[in-house]
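In what follows, a structure is listed as structure tokens, so that the remarks can point back to it.
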Amino acid sequence: MQLIEHLDQQTRTIVETGYREALERPVTLRANALKATVDDVCRDLDARDIVYERVPWYDDALVVCDARERDLWELDIYRKGHIYLQSLSSMLPPLLLEPRAGADILDMCAAPGGKTAQIAALTGNAAHLTACEMSAPRAEKLAYNLDKLDAANVNVMRTDARRLDEFFSFDQILLDAPCTGTGTYRAGDERAEKRMTPQLLAKVTKSQRALLDRALTVLKPGGTLVYSTCSVLAEENDDQVRAALKRHRDCEVAPILLDAPTEMEADDQPERPRAAKDEVRPAILANAGSGPLRCPALERECALAGTLTVAPTRLFEGFYVAVIRKKART
């Protein structure tokens, strides 16, 4: 693929191996805690002799071993919104956002709604969510999915998030930015390969820059932004974050860590599934032996500490996540 030709040999080998492994990637899903428990979902799958595995770092995630997506479309638990088909990698940004009940939360590029609904589930529908989507058909799909999944307290705005007025301000923001999709490519997909051109890269990096600037403008002091892409290219990932931090000196990368809540925090939050502490990185490291997409030279010279780059593997799509915090006013 043209867009990965400039990668160093070690990193390129990891990526190309992942593209081949992706052909055997199983279906993964998230139990929708707003409608059903993961145990309810497991019992339903057991009754239909569908084999699955639990995901150690996220209670609500399941890997389905012997069924295709279209097989799951026929199940009542799918039609009723008890489950949502979602890649493991795309479950990471909402978890790393650690959404809080009562917070004002923005999902800047929300369609088709899986991450928005996951945020709603993680807060027990107790946050105030704004979900932006500029495309009319995609905004309709977003609203449909949120209704199906019982995600409440969500204001769907058909708007370009780059043009959000400074009247708005948010405690937490998820920016899953438009990207080249180099992390989701599967070997032999000629249509996708033709789309992934230097022209596309130039277009999406311009959009990513504008979205990051707007996000960091409407983020409240002391607030948190999670920036993610399904790309393995530094131009869309570390390079974008590093440049944004130079433009916004009041912001900094926060190390990625999922801590269990303190006893006081737990009392203030509705019961909700959480990722286990320190288990996200080990789960990725153990996956098919491929590990995070980290070339030693890149790690030493230019990779941002505290960010997470996931290589494409049999279980994971290639993905990037950075957590950025705006410093509180003193």
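Subtract the Cα-Cα distance of residue 12 and residue 325 from 0.36 nm times their separation in residues, and report this length gain in nm to one decimal. Intermediate values should be presented prior to the final figure.
Numbers: separation 313, 0.36 × 313 = 112.68 nm, distance 3.12 nm.
Length gained, residue 12 through residue 325: 109.6 nm.
Counting other Cβ atoms within 10 Å as a rough exposure proxy, the listed residues 52, 320 run 52, 320 from fewest neighbours to most. Extension gain for residue 165 to residue 246 (0.36 nm times residue separation, less C-alpha to C-alpha distance): 26.9 nm. A simple spin-label model places the labels of residue 197 and residue 20 2.9 nm from each other, with each point 7 Å out along Cα-to-Cβ.
Cross-link check: pairs 206/326; 80/194; 148/206; 35/220 evaluated at a Cα-Cα cut-off of 25 Å; pairs beyond the cut-off: 80/194; 148/206; 35/220. Listed by Cβ neighbour count within 10 Å, with the fewest neighbours leading, 82, 248 appear as 248, 82. Starting from the Cα-Cα distance between residue 68 and residue 190, subtract it from 0.36 nm times their residue separation and give me the gain in nm to one decimal. Contour length minus the Cα-Cα distance gives 41.7 nm. Note on residue 152 and residue 314: the model spin-label points, each 7 Å out from Cα along the C-beta direction, lie 4.3 nm apart.
The Cα center of region 207-251 and the Cα center of region 18-57 differ in position by 32 Å. Ranking of 231, 87, 169 by neighbouring Cβ atoms within 10 Å, starting from the fewest: 169, 87, 231. Modelled this way, with points 7 Å down the Cα-to-C-beta line, the labels at residue 49 and residue 207 are 4.5 nm from one another.
Just so you know, all these numbers are worked out from the coordinates, no wet-lab data involved. Predicted, not measured: the structure shown is a model, and the values here were computed from it. Glycine also receives a Cβ, built like all others from the backbone with ideal geometry; neighbour counts cover every protein chain displayed.
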